[in-house]
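Report on the structure given below.
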Amino acid sequence: MKKNFILLCDPGPNWQENKKCEEQNYWAEHKEFINKLFKQGKVLMSGPIVHYDRIVMIYVAENESEIRITLKDDPFIKNGILILESVMEWDIKFDKYADK
């Protein structure tokens with residue numbers, strides 16, 4: 001059964017503080033990787049928290065292990081731009097698309 005997860009990514013050792021997320025090295029490769037996950041229905045939303053070097057991602061998967069195995073191939077993670085800091089299962093109680 002698929003579950004919802006909130007992922008938090010923090011800057012890795014190769015994050016360049018003076019650059020925005022989309023200006024980091026490997027941005028094009030990272031964007032392509034994440035877009036594939038969108039098309040597969042695994043990633044629902046992703047982006048940085050404004051004025052704070054932290055990325056939030058909403059991910060759908062069977063379990064945390066599936067997420068970690070998949071994201072180890074993300075060019076941002078592979079190249080030390082980001083670190084996957086937290087994977088938290090999210091028990092959504094209210095949803096715009098839920099049965100009323």
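Worth a mention:
- Each helix, a run of at least 4 DSSP H residues, gives -39500 (n - 2.57); summed and divided by the residues of the chain, these come to -7000 deg cm²/dmol at 222 nm.
- Cross-link pairs Lys19/Lys93; Lys20/Lys93; Lys42/Lys96 - those with Cα-Cα distance over 27 Å: Lys19/Lys93; Lys20/Lys93
- Each 5 Å bin, from zero up to the one with the longest distance, holds this percent of the alpha carbon pairs of the chain: 3, 12, 23, 26, 18, 10, 5, 2, 1, 0.
Any read-out appearing in this document is the output of simple, stated calculations on the displayed coordinates, not a laboratory observation. Just so you know, these numbers come straight off a predicted model, no measurement behind them.
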